[in-house]
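Reviewing the structure listed below.
Where a number appears in this text, it was derived from the coordinates with a stated rule and is not lab data. Note that the structure is a prediction, hence the values are computed from the model and not measured. Counting neighbours? That spans all protein chains shown, and the Cβs are built from the backbone with ideal geometry, glycine included.
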Amino acid sequence: MLWSGLAVSLILNLVTNNRAVEGLEPGAYDYTKYHTMDEILEWMKMMQNNYSDVVTSITYGKTYEKRNISLLKIGQKSNEPKKMIWMDCGIHAREWIAPAFCQHFVKEILGSYKTDQKIGEMLKRLDFYVTPVLNMDGYVYSWKDNTTRLWRKTRSPGTADCMCNGTDLNRNFYANWGMVGISRNCCSEIYNGHSPLSEPEAMAVTDFLSTNRDNILCFLTIHSYGQLILLPYGHPNISAPNEVELMKVGLAAAEAIKAVHGVAYTVGTPPNVLYPNSGSSRDFARLIGIPFSFTFELRDKGEYGFKLPEDQIQPTCEEAYQGALSIITYVLDKNFPRGAATNVAATLWSVVFAVWLSTAIV
Ligand SMILES: [Zn+2]
């Protein structure tokens, strides 16, 4: 009796699991809609199931409300040591286009790495670490109802003398913390927290980046809105040692973006093209030695702002995808020069040709 009960429940389980996976076949997931946190978590499971040879999931922290913060690690197995590319979306809850972009990015690289030589090369040399929604508590809250749709911060409580909830995660990192473009009022949208890394979400990212700092080549953090590519630093008096190169790479990305649908992105440091700020994850990444660190501010320039209509999800993601690829291609070529192997082959061929030529003359 017990065994038959067990067998029935096992079969039922299998059927239910299969159904869950079947319901989320790649073609079935709608990338032109915004999705709830639960749907995005299901999507993450689906990507692991459907691409189990190249996708795994890593949980690297917990939010204030005890949700597991997870990323998808995407890359082909290799005997050679690999480098890392970081991408996070949804650090600010209301910027719904950002998580939509992370999902689009993952779908595109997984759908093309077997047929597109450039993407294939990327996945051989690099592992992508993509967090679709970093500020999960805030994201869930922004889906609650119309009154919470524009929530930006985390959901941690204020202090004894300040009753508002939430810290601006992108002011909470240990990078010139509290210096410019922040507020000490916990009710402000840009409250930087009672101390650096007061937020477990910022702590989780900090731990991950610090542990892997020598291997991470590129840090991309996706926001909206404004159509900007921002480089470090947010503080007006501090500049990155490779600012000229960052600017060059950023401008090339903006060109790649414009080539898709003609949309113009502006490139620069926050004080030059937006406003000064401090305590951002982008600045922290550059500060600990990750050479290429950029913030993307996706569409638009304020017409719809954070409530970007769903019919703009696809074009926004298509163009930003080319921008991200432009940066990652530069980083890949710089660290894994293709010239080396090609040059050896070219030299060998010219020797063979010279020998043949000399024989021919004689
Ligand atoms: Zn933002």
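Classify the chain as rounded, prolate or oblate from the Cα gyration tensor: take a ≥ b ≥ c as the square roots of its eigenvalues, call it rounded if a/c is under 1.5, otherwise prolate when a/b beats b/c and oblate if not. Judged from the Cα gyration tensor, the chain comes out oblate (a/c at least 1.5, b/c at or above a/b).
I'd like the distance between the alpha-carbon centres of segment 110-173 and segment 282-336, rounded to an integer number of Å. The two parts, judged by their Cα centres, are 14 Å apart. Hey, any idea what the orientation-averaged projected area of the convex hull of segment 50-139's Cα atoms comes to, in nm²? Averaging across all directions leaves 6.1 nm² for the Cα convex hull. Averaging 1/r over every pair of different alpha carbons in segment 158-203 and inverting the result gives a Kirkwood radius of 10.3 Å. Think of the chain as having a plus end and a minus end, set by charges on the Cβ of Lys, Arg, Asp and Glu; of G166, L71, T36, L71 sits farthest toward the positive end of this dipole. Between amide H atoms placed 1.01 Å from N, distances below 5 Å from K62 occur with I69, all of them 5 or more places distant or on a separate chain.
Estimated from helices alone, the mean residue ellipticity of the chain at 222 nm is -14000 deg cm²/dmol (sum of -39500 (n - 2.57) over DSSP H runs with n ≥ 4, per residue).
Each Cα pair of segment 127-171 feeds into the Kirkwood radius, which the Stokes-Einstein equation turns, at 10 °C and 1.306 mPa s, into a diffusion coefficient of 135 µm²/s.
Counting only cysteine Cβ atoms and a cutoff under 4.7 Å, the chain contains unmatched residues C218, C317. Between the amide H of A240 and those of Y233, distances stay under 5 Å, these residues lying 5 or more places away or on another chain, with hydrogens modeled in the peptide plane.
Using Cβ counts within 10 Å as a stand-in for footprinting exposure, how do Y265, Y60 rank, fewest first? Intermediate results must be reported in sequence, preceding the final value.
On the way: Y265 24, Y60 15.
The fewest-first ordering by Cβ neighbours comes to Y60, Y265.
Looking at the chain, identify the longest residue range that excludes and avoids all GluC sites (Glu not before Pro) in DSSP loops having at most 15 other Cβ atoms within 10 Å.
Values: sites that count: E65, E189, E303.
Counting only loop sites that pass the neighbour cut-off, the longest clear stretch is 66-188.
Of all the Cα-Cα pairs you can form in segment 134-276, what percent are over 28 Å apart?
Looking at segment 134-276, the distances longer than 28 Å represent 27 percent of pairs.
For segment 104-196, the spread of Cα coordinates along the three principal axes comes to 58, 35, 18 Å, biggest extent given first.
For segment 38-361, a crude dipole built from +1 on the beta carbon of Lys and Arg and -1 on the beta carbon of Asp and Glu, taken about the Cα centre, is about 460 debye to the nearest 20.
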